[in-house]
Amino acid sequence: MQFKISKELLVQIEQLIHAKNDSQLEILLNDLHHADIAEIFDELESEEAIYIFKILDSEKTAEILTELEEDVREKILRGLSAKEIAEELDELDTDDAADIIAELPQSKKEEVISELEDVEHAKDIVDLLRYDEDSAGGLMGKELVKVNENWNVLTCVKEMRIQAENVTRVHSIYVVDDENRLKGRLSLKDLLTTSTKTPISEVYIKKVDSVRVSDTNVEVARIMQKYDLEAIPVVDEMGRLVGRITIDDIVDVIKDEADKDYQLAAGISQDVEADDSILELTKARLPWLVLALLGGFISVEMLGLFEGAMKEHYKLFFFTPLIAAMAGNVGVQSSAIIVQGLANHSISGSIVSRLLKEISLSLLNGIILASILFLGSHFLLGVETNIGVIVTIALVSVIIIASLIGTSIPLLLNKFGIDPALATGPFITTSNDICGILIYFSIAKLILGF
């Protein structure tokens with residue numbers, strides 16, 4: 001059952017905090033999952049959250065830290081000493097610990113690292129901090145189980161027992177050579193069903209998917225998603241095994257990328273949250289709104305060029321919003337499909353073949369929609385036949401052009417290394433609105449001769 005924070009629970013927690021009833025508060029919260037406690041922290045004042053944090057066991061609070069929203073975690077860490085933070089990080093896997101340290105000010109980073117009790121743990125964290133946060137090296141953790149290809153099964157089992165003490169969950173057993181180069185992986189079933197004297201070199205699986213430390217997090221996510229992997233080993237430039245990435249880290253990457261693309265599609269240029277300051281939200285939204293405003297100015301200017309025609313054939317004006325809206329909608333539909341295909345790597349064939357397919361599709365849709373529009377405008381609105389012909393021809397033309405723009409722009413952006421999600425936002429809508437109006441009145445001018 002999904003946990004929901006009730007008002008009564010929050011009141012009870014606040015009362016226990018104010019009464020300084022630590023034992024009762026600890027009993028109440030210890031029954032909850034750390035992710036649920038993180039949700040509760042989001043609802044409490046910083047001082048209350050820090051108070052709870054200090055009375056709970058480090059094993060529990062360390063997990064809570066990883067689940068907190070970044071701004072809430074920042075406030076809590078600000079209220080803890082370097083030694084207290086180090087105690088939390090000693091309980092975490094190296095990848096999570098490195099992520100938290102990376103958020104601290106430089107001066108406090110050094111203090112916290114110096115306070116870590118486990119020297120090897122500290123070395124691994126420092127090693128991870130040198131990688132870019134958006135790379136495989138920045139995602140990986142050092143905790144893994146590996147065996148040497150020259151060992152026999154009995155030696156492997158003994159070594160694995162020692163290594164497994166520091167690993168929260170064993171996803172795979174990796175096989176390396178004397179130089180620590182990744183050679184393959186070992187099946188647990190083969191390990192259990194093989195004679196203890198059998199050399200590992202005779203039973204391990206040589207085919208193993210891996211990524212390099214310099215690979216981007218998006219590329220890692222794509223590989224793990226494609227092959228349904230729970231974990232993937234990370235190797236350096238020499239092919240040496242340096243860490244592993246688990247599925248929980250990749251879920252976060254996929255979510256972050258989806259959020260980013262959704263915001264770009266909505267015309268938000270920076271990564272923001274609903275609770276961010278008005279200034280930050282304005283900076284994220286304003287650039288695309290300015291673009292839309294400029295597009296509106298161009299549309300108004302364009303309509304002004306055909307002012308005389310609208311006076312003489314005023315019914316043309318009534319269909320302007322319809323044409324502009326259809327152009328924008330068709331463009332967004334086309335670009336959304338292409339952007340999704342690019343993200344999933346399911347786009348195949350040349351750009352020309354893709355555009356030809358889009359022309360066929362838009363022509364069919366255009367004819368159906370234009371027929372409905374012609375019959376509706378003639379019989380329901382009493383529009384003259386010549387105006388109806390203009391509007392229907394314009395609609396078909398606009399749908400074809402808008403779909404071509406919506407298809408080609410994300411493909412071109414992707415080719416030049418620009419996020420194609422830009423093409424599903426105000427940029428594509430505004431450009432198609434302008435094109436739609438221009439096409440509509442150019443066809444009207446051609447047929448009516450004004």
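The values are calculated or read from the model by the stated rules, or taken from the named source; none is laboratory data. It should be emphasised that the depicted structure is a prediction, and the values quoted were computed from it without experimental measurement. Every residue, glycine as well, gets a Cβ built from its backbone with ideal geometry; the counts of neighbours run over all protein chains shown. We work out accessible area using only protein heavy atoms, side chains counted, and drop any ligands, DNA or RNA first. Shrake-Rupley method; radii C 1.70, N 1.55, O 1.52, S 1.80 Å.
Tabulated data
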{"quantity": "Over 23 Å between alpha carbons, listed pairs 20/75; 311/445; 7/283; 60/158", "calculated": "7/283; 60/158"}
{"quantity": "3J(HN,Hα) from dihedral phi, segment 168-180, Karplus parametrisation 6.51/-1.76/1.60, rounded to Hz, x for glycine, proline", "calculated": "5, 9, 8, 8, 8, 10, 9, 10, 10, 9, 5, 8, 6"}
{"quantity": "Sulfur and carbon atoms: percent of accessible area, the chain [1.4 Å]", "calculated": "55 percent"}
{"quantity": "Neighbour cut-off at most 13 other Cβ (10 Å), DSSP loop, trypsin sites (Lys or Arg not before Pro), segment 96-161", "calculated": "130"}
{"quantity": "By accessible area with a 1.4 Å probe, ligands and nucleic acids excluded, highest first: order of 18, 34", "calculated": "18, 34"}
{"quantity": "The chain: DSSP helices with Cα axial extent of at least 20 Å and average Kyte-Doolittle hydropathy no lower than 1.6", "calculated": "385-415"}
{"quantity": "Inverse mean reciprocal Cα-Cα distance (Kirkwood Rh) of the chain, Å", "calculated": "26.9 Å"}
{"quantity": "Rg(Cα)/(2.2 N^0.38 Å) for segment 44-87, N = residue count", "calculated": "1.01"}
{"quantity": "Loop-resident sites, segment 1-105, for trypsin sites (Lys or Arg not before Pro), counting at most 16 other Cβ within 10 Å (DSSP)", "calculated": "4, 20"}
{"quantity": "Segment 300-407: chymotrypsin sites (Phe, Trp or Tyr not before Pro) in DSSP coil with no more than 11 other Cβ atoms inside 10 Å", "calculated": "314"}
{"quantity": "Accessible area (Å², per residue) of the chain, counting only protein heavy atoms and a probe of 1.4 Å", "calculated": "56 Å²"}
{"quantity": "Average projected area [Cα convex hull, segment 356-436], square nanometres", "calculated": "5.9 nm²"}
{"quantity": "Where GluC sites (Glu not before Pro) in DSSP loops with at most 15 other Cβ within 10 Å are excluded, longest remaining stretch of the chain", "calculated": "274-383"}
{"quantity": "Alpha carbon centroid spacing (whole Å) that separates segment 347-424 from segment 180-194", "calculated": "56 Å"}
{"quantity": "Among 118, 96, 209: highest mean-square fluctuation, GNM of the chain, C-alpha pairs under 10 Å", "calculated": "118"}
{"quantity": "For segment 1-114: Kirkwood Rh in Å [reciprocal of mean 1/r, alpha carbons]", "calculated": "14.5 Å"}
